[in-house]
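Q: There's a structure below that I have some questions on.
Only the coordinates and a few stated rules stand behind these numbers; no lab work does. What you are looking at is a predicted structure, and each value in this text was computed from that prediction instead of being measured. Backbone-built Cβ (ideal geometry, glycine too); neighbour counts: all protein chains shown.
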Amino acid sequence: MLGYTVRLARATEVDCLPNIERLAAQRFAPYLDQLEIPAELLEGLTPVRFLRRAQAERRLWVAIAQNPKQNPQQDPQTLEPPVVGFIVAKFLLESCFIVELDVHPEFGRRGIGSALVEACCSGARSRGVQWVTLTTFRYIPWNIPFYKRLGFEVVPAEQWAPEIRAIVQHEHRYGFATQHRAVMRRRAECPVAQDASPGKQHGR
C-alpha cells in the first residue's frame, strides 16, 4: 500500500509538476464536447513561473510517495522520493483560492487529494484566512461530489465576491465557459473526509 506525506514544495520539485497536471488532465478527455472546450486547453494550464513563485511564497504543497519503486516517473538513479500530487493556491482579499489540484492518475483514490486540500486549508488557517474557495467544472461526475465530501458548498452566482467573479470572467475568456463552471467554498477549519481522492481536479 502506498504511503505518502504532504508538505510544502521544494524548489527542486517544481519542474515535475506540469507533467503530473498533463497526465491528470486526461481524465477530462471524454467530456470535452460537453464542456465545449478543445483538447489543447487542458495542456499547460499552470505556468511554471507561477508555480515557482508559489513555491517561494509557501503556497504550493506536494504529496511525496514513501515508496519510490511504485512511481512510474521515478528515475532509478535518483534517490529523492517522487512527487505524486500537488495543490497550489493564491491568497485573495477574502479567501485562499485553490488554483490547481492534481494527483498522478496511477495514485488516485488513496486519500492524496483530500490530504492536499487539508494542507492548503491548514496554510490558510495559519495566515488567519477564514475561507477556502475554488472553481471547478460542472457536470463531471466526480468533481462537485468530491469537494462536497471535503466540506465545500456551491456558491450561487449572486453571492460571488468581486475577486471570485473576476476569476470566473478570466476563465471564460480563456475558454472555460461560465455556464460550465461552479464556484465552491468552505471554512478553512472545516474537517475533511479522508476517503476521497481525485485523479484530477481543477481549481481554476
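Q: Counting other Cβ atoms within 10 Å of each Cβ, which trypsin sites (Lys or Arg not before Pro) in the stretch 21-61 have at most 14 and sit in a DSSP loop? Spell out each step's value before the answer.
A: Details: sites: R22, R27, R49, R52, R53, R58, R59; in loops: R58, R59.
Qualifying residues, ordered by number: R58.
Q: What FRET efficiency do you get for D15 and L41 if R0 is 22 Å and r is their Cβ-Cβ distance, rounded to the nearest 0.05? All intermediate terms of the calculation are to be shown ahead of the outcome.
A: Values: r = 22 Å, r/R0 = 1.01.
Efficiency computed from Cβ-Cβ geometry: 0.50.
Q: I've got another one for you. Taking 0.36 nm per intervening residue step and subtracting the Cα-Cα distance, what contour gain separates K148 from Q169 on full extension?
A: On the way: separation 21, 0.36 × 21 = 7.56 nm, distance 2.35 nm.
So the extension gain works out to 5.2 nm.
Q: Set the Förster radius R0 to 25 Å, insert the Cβ-Cβ distance between T5 and F91 as r into 1/(1 + (r/R0)^6), and round the FRET efficiency to 0.05.
A: Working: r = 24 Å, r/R0 = 0.95.
It comes out at approximately 0.60.
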